[in-house]
1. Which is away from every other protein chain (no Cβ under 14 Å) and either assigned to a helix (DSSP H, G or I) or open to solvent by less than 20 Å² (accessible area, probe 1.4 Å) (or both), of B:301, B:288, B:260?
2. Please find, within region A:20-55, the residue that is nearest to the other protein chains (Cβ to nearest Cβ) out of those that are open to solvent by 20 Å² or more (accessible area, probe 1.4 Å) and farther than 24 Å from residue A:176 by Cα.
3. Of B:399, B:345, which residue is under 22 Å from residue B:256 (Cβ atoms) and over 23 Å from the mean Cα position of the chain (by Cα)?
4. Could you figure out which of (1) more than 9 Å from every other protein chain (Cβ to nearest Cβ); (2) within 30 Å of residue A:7 (Cα to Cα) isn't true of residue A:106?
5. Taking residue B:438 as the residue in question, decide whether it is at pLDDT 90 or above, surrounded by fewer than 21 Cβ atoms within 10 Å (Cβ to Cβ) and over 29 Å from residue B:319 (Cβ atoms).
6. Tell me whether region A:80-101 contains one or more residues that are assigned to a helix (DSSP H, G or I), within 13 Å of chain B (Cβ to nearest Cβ) and loosely packed, with under 15 Cβ neighbours inside 10 Å.
Amino acid sequence: MAIVTVQELGKRYSAQGPLAVDAVSFEIHEGEIFSLLGPNGAGKTTTIAMLSTLLQPTAGEAWVGGNSVRTQAMQVRRSIGVVPQELALYENLNARENLRFWGEMRGLRGSALDEDIDHKLELTGLQDRAGDRVHTYSGGMKRRLNLAIGLLGEPPLVMLDEPTVAIDPQSRRYILDWVKAMRDNGQTVLYTTHYMEEAQELSDRIGIMDHGKLIALGTLAELVQMVGELETLVISLGEGERGEELAERLASGEGIHEASANDGEVTLNVASAQAVLPQALAEASALGLAVRHIEIREPNLESVFLHLTGRALRD
Amino acid sequence: MNKLWTLTRKEVLLAFRDRGALISMLLTPLLLTVAIAAAFGGGGDQPISNIPVLLLNRDEGPLAAFIVEAFESEPLQDLVVAERVTDEAEARVRVDRGEAAALVLLPADFSERMLPLTPLFAAADSQIEPLTPEQMEAIWHSFGAPEAGADPTLVELYASPTRRIGTAVTQAILSQVLDGMQVTVRGVQASMSQLAQDPAAQADPMQLVALSQTLGEGLLEQAQPIEARIQLTIDDGDFRPFRWVDYSAASMAVLFMMFTATAGGRSLLQERESGTLPRLLISPNRPTVLLVGKMTGVAATGVLQMVILWRASGLIGAYWGPTLPVVVAILALVVCATGLGALIAGWARTTSQAAALGTGVTLVGGALSGSFFPRNNLPTWVQSVSLLTPNSWGIEIFARFQSGYELSAVAPYLAGALGLALAYYIVAALGFRRQFSV
């Protein structure tokens, strides 16, 4: 059963400006983790902002828990927890005071709130620092607190917008495990990320966004099928070297379906990596580029994105 | 209501946990109060110049005209700005408002009561004729003691309690002029007394005047008390004397409370930029509740700041007024200042823009309204313009309480501050509607 239904949703920030979200449609089923994957500027955050009633859509409609985001904002807000990309915390309050403030603003009171606060402090591992002001916390601790606030009151639908940006691996693992636990707890999760690995690890279903459009939607297996039997060949170049020219030369090569360059890496979707590799190395040598590392990957979301857009996900 | 309390508590906690803000909110105004009081002393060393004095002359005689001319004379030009008026009620209101230091009211019978032979002098100007014995006899009898129960008042000085120095200067000028006249009158009385003993004698009126002045000055040199037939009434109630420590304690508190209020408004934009406002906006609360809660928190911070400054400045001897009126004034002024903070937050696009606007408005408003020096010394138009700032109303209100005015007498000023607050909030609401779709 769908807890979120999105129909032709669109957002244009100014009359003459481009569409930040362009006729996006999808459903999120109860109890699943649904990820929106895409590069920065793809429209993921704007989509969450509309679903959480922070922004009014300029086209289309969406329902959360059966309530329209346009006309029943208050009902929508009662049924969701949102974890924004920014650290929306009061740095001069401590963790317990932050949790109490945001809990009370959700309408929680009394012993139920006290218990919830204790539970969240335990989950975040912040019990020992609960009385310290937030400005003394590490980035990871702030991220965990930011997440805990969004989960106060155990809302049936939790929206997490890039919750693992700029944090240490330990805190990242902490958060990913927590998201899985939410699903196990019966909560539904809408998760946005530009990290392919996170989407692959967490998601029951994935929507891929680019330039405001939803360009693919399905389970990981369904999406990977889109690129067929193609392999992904990743060539890492020497430090400071750029691979744009190499990708350009290889793009029209035999057996090469897509080629893109990013940050000293050239990514190729190929029918056979073994067949293409000699040609790729020869071209690199001809351009005077040093090849530092070569990796052959099974089809994944990276290759799906490359297949669909002609660009690497991190472009 | 619970949510409002939650928002208010958060605002107060954040404000009082910020050490920098605490220095600005509490320590700086107290230090400035001490510094100003120490520099200018505890009493009325206000700069003295351009004191506005209203002159209402109902007398057509030469003596009242002489008083008017004295106030308008060149030697006093830098000291007083005399203005002739005709509407007594309006003049009193202007004094009440502090637009003028005092109203000098010369009654229609001033010259007649001051010197009954004025008509004879007027006649003497055109044709110098010897006085007849009958005329001198009549003059002599007219100098009798005032009748019992008669109103001794010749001149009324209606003074502004907020312009104590101006009042004192006006009173001094008036007294000096009247004393001079009194000496002349007594001289005339003495000479007439001598002449009356010889009714057969005939005198030249001009000689009579010269004689009376000589005699009068002689009386003054002998320092004999002059029986005052002239009573000076100053309608200043039971006022406390001006003290710099009182003035600066209240004015600095209002000024720095303005900083708090504008910073509080600015924090709304900071919350938008830091992400806490968007998070609040998607909590299950109406945006108006969030805004009202925010502003209530800012107001509560301002009230606490004012109360602390009030009590703390009391320790260094500053007097703001009786407790209840001061509390009422603090509430009204904080509501007003918070409205200004909301207005800036509603219309500024960024935090830095709001910071610049808030600081500018507070400092310019403070300077125009008299936060750094008595506002009575400012030109009238500046005083009027400055009524668009909460500072001015605060200074007017506290000056009156410090002078001993009752709460009811200051009510129009409190209403003025609240009226200004209402205007602020209306304009702020338009800005919020534009910025936050509230």
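The values are calculated or read from the model by the stated rules, or taken from the named source; none is laboratory data. Keep in mind that this is a model prediction, so the values were computed, not measured. Methodologically, a virtual Cβ is constructed for each residue, glycine included, from the backbone with ideal geometry; neighbour enumeration extends over all protein chains shown. Accessible surface areas use protein heavy atoms only, side chains included; no ligands, DNA or RNA. Shrake-Rupley method; radii C 1.70, N 1.55, O 1.52, S 1.80 Å.
1. Working: B:301 fails: away from every other protein chain (no Cβ under 14 Å); B:288 fails: away from every other protein chain (no Cβ under 14 Å).
None of the others qualify; the one that does is B:260.
2. A:54
3. Details: B:399 fails: over 23 Å from the mean Cα position of the chain (by Cα).
After ruling out the rest, the residue left standing is B:345.
4. For residue A:106, the exception is condition (1).
5. no
6. The answer is no; no qualifying residue exists.
Matching residues to (1) at pLDDT below 90; (2) closer than 15 Å to residue B:154 by Cβ; (3) assigned to a loop (DSSP other than H, G, I, E, B):
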position: B:52; (1), (2), (3): yes, no, no
position: B:56; (1), (2), (3): no, yes, no
position: B:60; (1), (2), (3): yes, no, yes
position: B:63; (1), (2), (3): yes, yes, no
position: B:66; (1), (2), (3): yes, yes, no
position: B:71; (1), (2), (3): yes, no, no
position: B:75; (1), (2), (3): yes, no, no
position: B:83; (1), (2), (3): no, no, no
position: B:89; (1), (2), (3): yes, no, no
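Okay, residues lined up against (1) part of a helix (DSSP H, G or I); (2) over 16 Å from residue A:158 (Cα atoms):
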{"position": "A:17", "(1), (2)": "no, yes"}
{"position": "A:22", "(1), (2)": "no, yes"}
{"position": "A:28", "(1), (2)": "no, no"}
{"position": "A:35", "(1), (2)": "no, no"}
{"position": "A:39", "(1), (2)": "no, yes"}
{"position": "A:50", "(1), (2)": "yes, no"}
{"position": "A:56", "(1), (2)": "no, yes"}
{"position": "A:75", "(1), (2)": "yes, no"}
